[in-house]
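Nothing in this text is a laboratory measurement; each read-out follows from the coordinates by a stated rule. Owing to the predicted nature of the structure, the values given are computational and were not obtained by experimental measurement. Here the Cβ positions follow ideal geometry from the backbone for every residue, glycine too, while neighbour counts run over all protein chains shown.
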Amino acid sequence: MNPKISKPTGKLGVLIVGMNGAVATTFLSGTMAVRKGKGVPVGSLTQMATIRIGKRADNNFPKIKDFLPLYDLKNMVFGGWDIREENAYTAAKIAEVLNDKDLDNVREELESLVPMKAVFDQNFVKRLSGTWTKEASTKMELVEMLRKDIRDFKAKNNLADLVTIWCGSTEVFIPMEEVHSSIEKFEEGLLNNHPSISPSMMYAWATLKENVPFINGAPNLTVDMGAIFELAEKMHLPIAGKDFKTGQTMVKTVIAPMLKVRMLGLDGWFSTNILGNRDGEVLDDPGSFKTKEESKLSVIDSILQPKLYPELYKDYYHKVRINYYPPRKDNKEGWDNIDIFGWLGYPMQIKIDFLCRDSILAAPIVLDLVLLMNLSQRVGFYGIQDWLSFYFKSPMHSPNVVPEHDLFIQHVKLKNTMREIMNEEPVTHLDEKSKIDR
Ligand SMILES: NC(=O)c1ccc[n+]([C@@H]2O[C@H](COP(=O)([O-])OP(=O)(O)OC[C@H]3O[C@@H](n4cnc5c(N)ncnc54)[C@H](O)[C@@H]3O)[C@@H](O)[C@H]2O)c1
């Protein structure tokens, strides 16, 4: 056991921005159900996966939750903000992800959760209008109000630790400007109501200022900016993002490495989706779609490395579409048509039709990220948490390295970092014999 950290005994507060959304309410209902013994946390590595310790022959595979000193689900306390004021039970009913039986198991607890008023600006999410919102004359004042919310939540619930996670709607794409480049410029921008400071950035700023780690589950460039990097460094706080890796991109980051390791070529990859939840409606706006598109498009290029393999990947065509189609609600359908080629250039096709449930895939990611980011903070990791790339569609990464998108490399990195945290040897998959030979 790493002497620096031990199993926490207090309470962990989880603040969710977009607390009434589909992802957030599915995470909340599921976590509450699991801790009452009314559900299984399928999809969560921290709750279900094992980790090999030592050599293969040692046969030592503890569960991650027994190996790492993580908070117990029973000691998590929830809160958050939304632009709608319904309690979490009503919000979960509106989201129509979980059925009545599952919601009724935790109805009372969900009903007791009412979001705090949000910081919202329709210029950044065109398809929504908020009523449950804070008013102030400057963006700096809004940040101060959020900071007070965080302090009050911590004091009221007697929390030892806190984590904030953005599960809010996708904001329109904002290119980085000078105002985002440093703490000084950003704070000046907050005072002067700079139009390129979005609500998500204000939540992130307030969170870090209150000494709390921030996770970005949407594709917004919320914490991908110089000012936040500087603040995270100064405060020694971890940040992570962006865009939960759930349906189609999860599949992409498995199939693309398969083509690459087998040296098969790619002519084109056409991905399209239909979904009918509120997220789909927000993404129907071209500004929000652009943010999502940027996040989804980067994936294949960095896996296939066309510059290194021009005969295989130089000119492939990559298209991503998201179509809002209300009848499907949260049950997204993602199609991929992949035109590949093999020996002597002979063409082949792969077709994938993934009938997934968006929030069912996202909820365990929220749970793992919250627990692991808190661990990062207690261990003393700060800045961008590359080791959590596994969970993100467009993982933030240190400026001097390319992002790693391959799901299985991300998985090895995740588990080896867990081993490192606990002073255990990384697993290299080299046999004893090959080590001797070398
Ligand atoms: N479900 C997935 O598989 C998945 C995967 C990757 C990323 N995401 C992202 O996660 C986010 C949430 O997805 P969802 O399906 O729950 O969407 P949703 O529309 O159901 O929920 C978003 C919530 O955010 C609230 N909100 C918007 N702006 C806010 C603000 N400024 N402050 C507080 N609350 C605000 C909305 O009122 C809504 O309740 C989206 O950005 C989505 O793109 C989802």
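If you filter the stretch 228-241 down to residues that are outside any strand (DSSP E or B) and buried (at least 24 other Cβ atoms within 10 Å of the Cβ), you find that the one that is farthest from the ligand (Cβ to nearest atom) is ILE228.
Return a yes/no flag: does the stretch 181-190 have any residue that is more than 16 Å from the ligand (Cβ to nearest atom), crowded, with 21+ Cβ neighbours inside 10 Å and either touching a residue at least 12 places away in the same chain (Cβ under 8 Å) or of a type in the set (Phe, Trp, Tyr) (or both).
Among the residues of the stretch 181-190, at least one is more than 16 Å from the ligand (Cβ to nearest atom), crowded, with 21+ Cβ neighbours inside 10 Å and either touching a residue at least 12 places away in the same chain (Cβ under 8 Å) or of a type in the set (Phe, Trp, Tyr) (or both), which makes the answer yes.
Checked against (1) within 16 Å of the ligand (Cβ to nearest atom); (2) on the phi > 0 side of the Ramachandran plot, GLN305 meets all criteria but (1).
Scanning the stretch 115-164 for residues being crowded, with 21+ Cβ neighbours inside 10 Å and β-branched (Val, Ile, Thr) gives a total of 6.
Taking VAL370 as the residue in question, decide whether it is farther than 25 Å from SER271 by Cα, within 16 Å of the ligand (Cβ to nearest atom) and of a type outside the set (Ser, Thr, Tyr). It is true that VAL370 is farther than 25 Å from SER271 by Cα, within 16 Å of the ligand (Cβ to nearest atom) and of a type outside the set (Ser, Thr, Tyr). Applying the criterion of being hydroxyl-bearing (Ser, Thr, Tyr) and within 12 Å of the ligand (Cβ to nearest atom) to the residues of the stretch 87-139, the residue that is farthest from GLY280 (Cα to Cα) is THR133. Scoring VAL299 on the criteria (1) buried (at least 18 other Cβ atoms within 10 Å of the Cβ); (2) in a strand (DSSP E or B) leaves a single failure, condition (2).
Scanning the stretch 129-172 for residues that are under 22 Å from the mean Cα position of the chain (by Cα) and assigned to a loop (DSSP other than H, G, I, E, B) yields CYS167, GLY168, SER169, THR170, GLU171, VAL172.
Let's see how each residue does on (1) more than 18 Å from the chain's Cα centre (by Cα); (2) within 9 Å of the ligand (Cβ to nearest atom); (3) acidic (Asp, Glu):
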position: ASP267; (1), (2), (3): yes, no, yes
position: PHE270; (1), (2), (3): yes, no, no
position: ASP279; (1), (2), (3): no, yes, yes
position: ASP284; (1), (2), (3): yes, no, yes
position: GLY287; (1), (2), (3): yes, no, no
position: LYS292; (1), (2), (3): no, yes, no
position: LYS296; (1), (2), (3): no, no, no
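ARG262 meets the conditions (1) in contact with a Pro (Cβ under 7 Å, 6 or more places away or on another chain); (2) away from the ligand (no atom under 15 Å from the Cβ); (3) of a type outside the set (A, V, I, L, M, F, W, C) in every case but one. The failed one is (1). Restricted to the stretch 333-351, and to residues there that are away from the ligand (no atom under 15 Å from the Cβ) and of a type in the set (Asp, Glu), the residue that is surrounded by the fewest Cβ atoms within 10 Å (Cβ to Cβ) is ASP339. The conditions of being assigned to a helix (DSSP H, G or I) and in contact with a helix residue (DSSP H, G or I) (Cβ under 8 Å, 6 or more places away or on another chain) are not met by VAL114.
In the stretch 308-332, the qualifying residues are those that are under 29 Å from the mean Cα position of the chain (by Cα) and of a type in the set (Lys, Arg), and the one that is surrounded by the most Cβ atoms within 10 Å (Cβ to Cβ) is LYS332.
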